[in-house]
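Presented below is the structure to which this report refers.
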Amino acid sequence: MSDRQDGGAPATPQVLAPRLVERLAARGATLAVAESLTGGLLTAAVVAVPGASAVLRGGVTAYATDLKATLLGVDRQRLAATGPVDGEVVRQMARGAAARLDAGHGVATTGVAGPEPQGGRPVGEVWVAATGPQGELVRRLHLPGDRSAVREGAVAAALALLLELLDAPPAGGAEQAG
C-alpha cells in the first residue's frame with residue numbers, strides 16, 4: 001500500500017485513516033494508539049472516521065516521559081539512557097498500548113515537534129512504530145516545517161506505517177529504517 005495519493009502527493013491523515021479503519025474492520029482487527037508529540041491527533045484522526053468504534057480500543061497520550069513508563073510499560077532504563085525520542089522507546093510504546101488496551105495492533109509516535117530541539121534531538125526528528133500479528137515496523141523520520149506540520153506529518157506517517165504492516169505476511173520480522 002502506498003502512502004501517496006493519486007498524483008504523487010503525500011497522503012494526509014484524512015485519506016489514510018479511512019483506509020486503515022476499513023482494512024482493520026475487514027479483518028475484525030482492533031487498534032490501540034500511543035502518542036507523545038502528536039498529543040491526541042493520531043487517535044482523533046482515527047475517531048473522525050465513521051465506523052472507527054469497530055476497531056479502535058483507545059489511545060494513550062503519554063506526553064511526559066515518565067508516563068511512557070508508567071502507562072505504557074516502556075523500560076525506565078531505556079528512557080534514562082536514550083530519552084523518549086528513540087526507536088526502541090516507540091516500539092515499546094506501540095507494544096504497551098496494544099497490551100494494555102487489549103488490541104491486536106498498536107501504533108505509536110514520539111519525537112520533537114519544536115519549536116526548540118529537545119534532549120539533543122533536532123526539531124522534526126520523529127519515530128513511529130506499528131505492531132501486530134504480522135510483526136513490527138519502526139521508522140525514523142526527519143519532517144520539515146513548523147510544529148503543526150511536524151505533528152501532522154507524524155500522524156500521516158504512523159497511519160501509513162500501520163497500513164504497510166497490514167500488507168506484510170503474517171509473522172513478518174521486525175524492521176527498523178532510518
### Task
Report, by chain and number, residues whose modeled amide H sits under 5 Å from the one on E125, excluding near sequence neighbours (fewer than 5 apart, same chain).
V112, L143
### Query
If you find the alpha carbon centre of the range 102-176 and of the range 44-67, how far apart are they in angstrom?
14 Å
### Query
What dipole magnitude, in Debye to the nearest 20, does the range 60-103 give about its Cα centre under +1 on Lys/Arg Cβ and -1 on Asp/Glu Cβ?
40 debye
### Task
Return one quarter of the surface area of the convex hull spanned by the alpha-carbon atoms of the range 1-131, equal to its mean projected area, in nm².
8.2 nm²
### Message
With a 1.4 Å probe and all protein chains left in place, how much accessible area per residue does the range 27-128 have, in Å²?
### Response
41 Å²
## Note on the structure
Here the range 39-51 yields Karplus 3J(HN,Hα) values (6.51, -1.76, 1.60; θ = phi - 60°; whole Hz; Gly and Pro given as x) of x, x, 5, 5, 4, 4, 5, 6, 5, 5, 8, x, x
#### Entry: Accessible heavy-atom area order of S148, S53, S36, highest first, probe of 1.4 Å
S53, S148, S36
### Query
What share of the DSSP beta bridges in the chain is antiparallel, in percent to the nearest 5?
55 percent
### Message
Per residue of the range 89-105, what does 6.51 cos²θ - 1.76 cosθ + 1.60 with θ = phi - 60° give for ³J(HN,Hα)? Whole Hz please, x for Gly and Pro, Karplus curve as stated.
### Response
4, 5, 4, 5, 4, 5, 4, x, 4, 4, 5, 6, 9, 6, 10, x, 10
### Three semi-axes of the equivalent ellipsoid, the range 81-178, Cα gyration tensor, whole Å, largest first
24, 14, 11
### Query
V60's amide H: which non-local residues (gap 5+, or another chain) put their own amide H closer than 5 Å, with H modeled 1.01 Å from N in plane and none for Pro or chain starts?
V33, A34, E35
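Leaving out ligands, DNA and RNA, what percent of the accessible area of the chain is carbon and sulfur, probe 1.4 Å?
Here it works out to 53 percent.
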### Query
Hey, what did the chain get for relative contact order, percent, Cα under 8 Å, at least 6 apart?
22 percent
### Message
Apply the Karplus curve 6.51 cos²θ - 1.76 cosθ + 1.60, θ = phi - 60°, to the phi angles in the range 70-83 and return the couplings in whole Hz, x for Gly and Pro.
### Response
6, 8, 10, x, 5, 4, 5, 5, 5, 4, 5, 7, 10, x
#### Entry: the chain: calculated mean residue ellipticity at 222 nm from DSSP helix runs of at least 4, using -39500 (n - 2.57)
-12500 deg cm²/dmol
### Message
Treating only the Cβ of Lys, Arg, Asp and Glu as charged (+1, +1, -1, -1), what charge dipole size does the chain show about its Cα centre? Round to the nearest 20 debye.
### Response
260 debye
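The values are calculated or read from the model by the stated rules, or taken from the named source; none is laboratory data. Predicted, not measured: the structure shown is a model, and the values here were computed from it. Methodologically, a virtual Cβ is constructed for each residue, glycine included, from the backbone with ideal geometry; neighbour enumeration extends over all protein chains shown. Please note that ligands, DNA and RNA were not included when accessible areas were found on the heavy atoms of the full protein model with its side chains. Shrake-Rupley method; radii C 1.70, N 1.55, O 1.52, S 1.80 Å.
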